[in-house]
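Single-structure report; data block below.
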Amino acid sequence: MMKSYYVDTHCHLWHLEFYDDLKEILNDCQDNNVRYLINVGVDSQSSLQAVSQAKRYKNVYAAVGHHPHYALSFKDCDLLLFEKLVKRRKVVAIGEIGLDFYRKISNRKSQILLLDKMLDFWKKH
């Protein structure tokens, strides 16, 4: 019989609160049958960190994108970075993208513009 395992499809291992304990966290995941983790970026910097960690750790993969909360900080040059990152072997998903009107951190118009740009970009890839 095949042994089952878990995949954490959405984590933020790049977050500073995990920095000192990352190896321990990954060991705990392995001990609890979490075989793979997808480390999700929320902007260009965290996407870069997610990809770097994916390169460093065997069971970690990356998703790159720009969260709608940070729509106002998005710059078109971020797409140039994403262009490079999506070519990396362990980038397996887009994210974090979408619309999030619940917390009202950024306005609807800027979120919709960002989503349109991100979707256009990802359609090409």
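General remarks:
- Search result, residues across the stretch 76-113 that are touching a strand residue (DSSP E or B) at 6+ places or on another chain (Cβ under 8 Å) and among the aliphatic types (A, V, I, L, M): L85, V86, V91, V92, A93, I94
- Taking the numbered list (1) within 14 Å of A62 (Cβ to Cβ); (2) of a type outside the set (F, W, Y); (3) not in a helix (DSSP H, G or I) in turn, M2 passes all entries but (1).
- Test: residue in the stretch 40-63 that is among the charged types (D, E, K, R), within 19 Å of E96 (Cα to Cα) and under 9 Å from the mean Cα position of the chain (by Cα): yes
- Among the residues of the stretch 99-125, those that are of a type outside the set (S, T, N, Q), out of contact with any helix residue (DSSP H, G or I) (no Cβ under 6 Å at 6 or more places or on another chain) and within 16 Å of H69 (Cα to Cα) comprise F101, Y102, R103, K104, R108, K109, I112, L113, L115, D116, K117, M118.
- The single residue among K104, K90, K84 that is without any contact (Cβ under 8 Å) to a residue 24 or more places away in the chain and closer than 27 Å to V7 by Cβ turns out to be K84.
- Residue in the stretch 36-47 that is surrounded by fewer than 16 Cβ atoms within 10 Å (Cβ to Cβ), closer than 19 Å to Y6 by Cβ and touching an Asp or Glu at 6+ places or on another chain (Cβ under 9 Å) present: yes
- Some residue of the stretch 96-117 being closer than 30 Å to N27 by Cα and assigned to a loop (DSSP other than H, G, I, E, B): yes
- Checked against the criteria, C11 does not count as at pLDDT 95 or above, out of contact with any Leu (no Cβ under 6 Å at 6 or more places or on another chain), crowded, with 17+ Cβ neighbours inside 10 Å and not hydroxyl-bearing (S, T, Y).
- Within the stretch 76-93, restricting attention to residues that are of a type in the set (D, E) and in a helix (DSSP H, G or I), the residue that is surrounded by the fewest Cβ atoms within 10 Å (Cβ to Cβ) is E83.
- Candidate set: the stretch 94-121, residues that are surrounded by fewer than 16 Cβ atoms within 10 Å (Cβ to Cβ) and in contact with a Phe, Trp or Tyr (Cβ under 9 Å, 6 or more places away or on another chain); chosen: the one nearest to N39 (Cα to Cα): I105
The values are calculated or read from the model by the stated rules, or taken from the named source; none is laboratory data. Quick caveat: nothing in here was measured; it's all calculated off a predicted structure. Here Cβ is always computed from backbone atoms with ideal geometry, including for glycine, and neighbour counts include all displayed protein chains.
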